[in-house]
Amino acid sequence: MKKITFFFILCFFFVTGFANAEQRDEYLGIKAGYMTVDTDVAGENFSDIPIASLVYGFGITKDFAAEFELGYQLDGGDLSGVGSSGGINISTTAIYGVYRFWPKDDVFLKVKAGALREDKKVVIFMPFAPSVNGTEEVTEVGFSAGVSLGKMFSDSFSGEVGYTMVDEDIDSLNVGINYHF
């Protein structure tokens, strides 16, 4: 786990090291939204998961940036049905390369892709399917990508509405605000 965290930090500083101090656009942001988990456990699905994320972005040019994102589950992720109970808890750490396309001076389309670490804990209790019962903790590292539509409200503030593919069975829809400095 320490090697993976070190890898993310090393990649982030490597990417941001190429930025020119005169052109850089650093920003801090907060996002809120929902994750949907498309995993079927014995015929039952998990409820949507409300999430909050912290974002640090570092503009390399006006169009290219690197982003570091930490995502936390706020609630939800319950598994409930006839005779079943349990839940899922998810947190994410990601580093993205970002491209921003500016069709207007204050509106942008953002495409991001990168590496994401997902820490997942699943608890399941089904009295009628005891072979499914248990707790599983999984850490996965893989590819993640997303797209956002954003607007610059001023030189210091922007807002975004976005979609992120966390992994093959988890998607996220969110809205966020960034402070640029």
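The values are calculated or read from the model by the stated rules, or taken from the named source; none is laboratory data. Treat the numbers as computed from the prediction; the structure is a model and nothing was measured. Ideal geometry is used to build each Cβ from the backbone, glycine not excepted, and the neighbour counts take in all protein chains shown.
Please give the number of the condition VAL166 fails out of (1) modelled with pLDDT under 95; (2) touching a Lys or Arg at 6+ places or on another chain (Cβ under 8 Å); (3) closer than 22 Å to GLY57 by Cα; (4) β-branched (Val, Ile, Thr).
(2)
Filter the stretch 126-149 for residues that are at pLDDT below 90 and surrounded by 11 or more Cβ atoms within 10 Å (Cβ to Cβ); which is farthest from MET165 (Cα to Cα)?
ALA129
Here are some residues: VAL123, VAL111. Which one is under 18 Å from LEU149 (Cα atoms) and either at pLDDT below 95 or in a strand (DSSP E or B) (or both)?
VAL111
Report whether or not SER158 is in a loop (DSSP other than H, G, I, E, B), out of contact with any Leu (no Cβ under 8 Å at 6 or more places or on another chain) and at pLDDT 90 or above.
no
Might you let me know whether the stretch 154-167 holds any residue that is touching a His at 6+ places or on another chain (Cβ under 9 Å) and surrounded by 14 or more Cβ atoms within 10 Å (Cβ to Cβ)?
yes
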